[in-house]
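**Student:** Pasting a structure here, questions to come.
The values are calculated or read from the model by the stated rules, or taken from the named source; none is laboratory data. Small disclaimer: the values here were computed from a predicted structure and weren't measured. All Cβ positions, even for glycine, are placed from backbone atoms using ideal geometry, and neighbour counts span all protein chains on display. With ligands, DNA and RNA removed, areas are computed over all heavy atoms of the protein, side chains included. Shrake-Rupley method; radii C 1.70, N 1.55, O 1.52, S 1.80 Å.
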Amino acid sequence: MSVISSVTVNVPATTANLGPGFDCIGAALTLCNQFKFTRLDEGGLTIHVTGAEAERVQTDESNLLYQAFLKFYQYIDQTPPPVKIEIGLGVPLARGLGSSATAIVGGLVAANQLAGQPLSQVQVMELAIAMEGHPDNVVPALIGGCRLAATSDAGWEICDVPWDENIVPVVAIPNFELSTSEARRVLPTEFSRADAIFNTAHLGLLLRGLETGKGEWLRAALQDKLHQPYRKALIPGYDAVNAAAVAAGAFGMVISGAGPTLLALADAAHSQAVELAMASAWKDTGIDAEVRSLALDTKGATYEREVRG
């Protein structure tokens, strides 16, 4: 009888909110973490991490990737096998690019493969949302593309958001962190009706702007009243980087997830100029940032299995 001896899972980074789509919209980007789970015949847990910031990742049972792996086996009421985990980091930690979502999705997908795929992709997605607490990062990390998530009486409804091929996501990743808990702490507990209407209208416009690539719509659509006005104070140089990106030809700039990474959307003709402008503006405020033009990842989490026996 053949047994899956190991599974290697690649999970893309994500950017969430995209301005007015607070906690409901996210997109997968062409930047990823890799997780390899190898089944052991005996022994306990071994975790080895490589890549930038590797020393900051927990290598015991508190590791989020392993917690997701355990959560899966608890859900199917089976004992998890002893495993060796190899983590290759490509997504910066605590920068607003969904690093925790990659761990949750990676652990669940790997467990599902090693267990013989007892759960469907939808069931894995629901487990991931339950672990993360909201869908905007884990859903595109799992299934790729740009996705809008909404609840219904039957559960989650996931909508594919068409993304015009000429829209380039430019990420500016600074050399400092911002925790999600801190970014949520600064948000008001109540919002006005006017702000709710503003975001509803701008989210609708954003969906059409992403689909068509129409610059005038995107320039207006990326505005937001629910989180960015409060969070930008936590990001030194925000206004300068925003002004530089727009002056260089970006349609607009938003906070990626909870930050501090900033995301500009530009067309292909202007993306390189936007990269240079954002990096220069942050450097002028004393902050070094890695600025890169990426693309929409359409595959989501992918895996390769090795079989023995």
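**Student:** Quick check on this structure: which one of Val91, Val83 is surrounded by 14 or more Cβ atoms within 10 Å (Cβ to Cβ), touching a residue at least 60 places away in the same chain (Cβ under 8 Å) and among the hydrophobic types (A, V, I, L, M, F, W, C)?
**Tutor:** Values: Val83 fails: touching a residue at least 60 places away in the same chain (Cβ under 8 Å).
None of the others qualify; the one that does is Val91.
**Student:** Please find, within region 182-195, the residue that is nearest to Gly26 (Cα to Cα) out of those that are open to solvent by less than 50 Å² (accessible area, probe 1.4 Å) and assigned to a helix (DSSP H, G or I). First the steps, then the outcome.
**Tutor:** Step one: of region 182-195, the residues open to solvent by less than 50 Å² (accessible area, probe 1.4 Å) are 183, 186-188, 195.
After this cut, where a residue has to be assigned to a helix (DSSP H, G or I) as well, the list is 183, 195.
Values: Ala183: 17, Asp195: 21 Å.
Within region 182-195, the match that is nearest to Gly26 (Cα to Cα) is Ala183.
**Student:** Any residue in region 199-212 that is of a type in the set (Gly, Ala, Ser), farther than 17 Å from Leu296 by Cα and modelled with pLDDT of 95 or more? So that I can check it myself, show each step before the final result.
**Tutor:** Kept after step one, since they are of a type in the set (Gly, Ala, Ser), are these residues of region 199-212: 201, 204, 209.
So of that shortlist, the ones also farther than 17 Å from Leu296 by Cα come out as 201, 204.
When the remaining residues are screened for being modelled with pLDDT of 95 or more, the result is 201, 204.
Within region 199-212 (the criterion being of a type in the set (Gly, Ala, Ser), farther than 17 Å from Leu296 by Cα and modelled with pLDDT of 95 or more), the answer is yes, since at least one residue qualifies.
**Student:** So for region 219-231 (the condition being at pLDDT below 95, under 25 Å from Ser181 (Cβ atoms) and surrounded by fewer than 18 Cβ atoms within 10 Å (Cβ to Cβ)), does at least one residue qualify?
**Tutor:** Yes: one or more hits.
**Student:** Follow-up question, since we're still on this one. In contact with a strand residue (DSSP E or B) (Cβ under 6 Å, 6 or more places away or on another chain) and either at pLDDT below 95 or crowded, with 16+ Cβ neighbours inside 10 Å (or both), is that true of Val241? Give the steps one after another, and end with the answer.
**Tutor:** Numbers: in contact with a strand residue (DSSP E or B) (Cβ under 6 Å, 6 or more places away or on another chain): yes; either at pLDDT below 95 or crowded, with 16+ Cβ neighbours inside 10 Å (or both): yes.
Yes, satisfied.
**Student:** Evaluate the following for Val139: is it open to solvent by less than 70 Å² (accessible area, probe 1.4 Å) and not in a loop (DSSP other than H, G, I, E, B)?
**Tutor:** yes
**Student:** Return the total of residues in region 211-234 being more than 21 Å from Ala258 (Cβ to Cβ) and either small (Gly, Ala, Ser) or not in a loop (DSSP other than H, G, I, E, B) (or both). Break it down into steps so the answer makes sense when it comes.
**Tutor:** If we filter region 211-234 for residues that are more than 21 Å from Ala258 (Cβ to Cβ), which is where we start, we get 211-220.
With the extra rule that they be either small (Gly, Ala, Ser) or not in a loop (DSSP other than H, G, I, E, B) (or both), the set shrinks to 211-213, 215-220.
The number of residues fulfilling the criteria is 9.
**Student:** For region 203-211, state whether one or more residues are touching a Gly at 6+ places or on another chain (Cβ under 6 Å), open to solvent by 30 Å² or more (accessible area, probe 1.4 Å) and more than 19 Å from Pro135 (Cα to Cα).
**Tutor:** Within region 203-211, not a single residue is touching a Gly at 6+ places or on another chain (Cβ under 6 Å), open to solvent by 30 Å² or more (accessible area, probe 1.4 Å) and more than 19 Å from Pro135 (Cα to Cα).
**Student:** Please state which of the following conditions His48 fails to meet, knowing it meets all the rest: (1) closer than 24 Å to Val124 by Cα; (2) open to solvent by 50 Å² or more (accessible area, probe 1.4 Å); (3) in contact (Cβ under 8 Å) with a residue 24 or more places away in the chain.
**Tutor:** The failed condition is (1).
**Student:** If you take the residues of region 268-309 that are of a type in the set (A, V, I, L, M) and assigned to a helix (DSSP H, G or I), which of them is most open to solvent (accessible area, probe 1.4 Å)?
**Tutor:** Residues of region 268-309 that are of a type in the set (A, V, I, L, M), as a first pass: 268-269, 273-274, 276-279, 281, 287, 289, 291, 294-296, 301, 307.
Narrowing further to those that are assigned to a helix (DSSP H, G or I): 273-274, 276-279, 281.
Details: Ala273: 49, Val274: 0, Leu276: 120, Ala277: 24, Met278: 0, Ala279: 34, Ala281: 13 Å².
So the residue we want is Leu276.
**Student:** Determine, yes or no, whether Thr59 is among the β-branched types (Val, Ile, Thr), open to solvent by 20 Å² or more (accessible area, probe 1.4 Å), part of a loop (DSSP other than H, G, I, E, B) and closer than 29 Å to Ser256 by Cα. Don't jump to the end; show me each part of the working.
**Tutor:** Details: among the β-branched types (Val, Ile, Thr): yes; open to solvent by 20 Å² or more (accessible area, probe 1.4 Å): yes; part of a loop (DSSP other than H, G, I, E, B): yes; closer than 29 Å to Ser256 by Cα: yes.
Yes: the conditions hold for Thr59.
**Student:** A further question follows. Does Trp163 satisfy being assigned to a loop (DSSP other than H, G, I, E, B) and open to solvent by 10 Å² or more (accessible area, probe 1.4 Å)?
**Tutor:** Numbers: assigned to a loop (DSSP other than H, G, I, E, B): yes; open to solvent by 10 Å² or more (accessible area, probe 1.4 Å): yes.
The answer is yes for Trp163.
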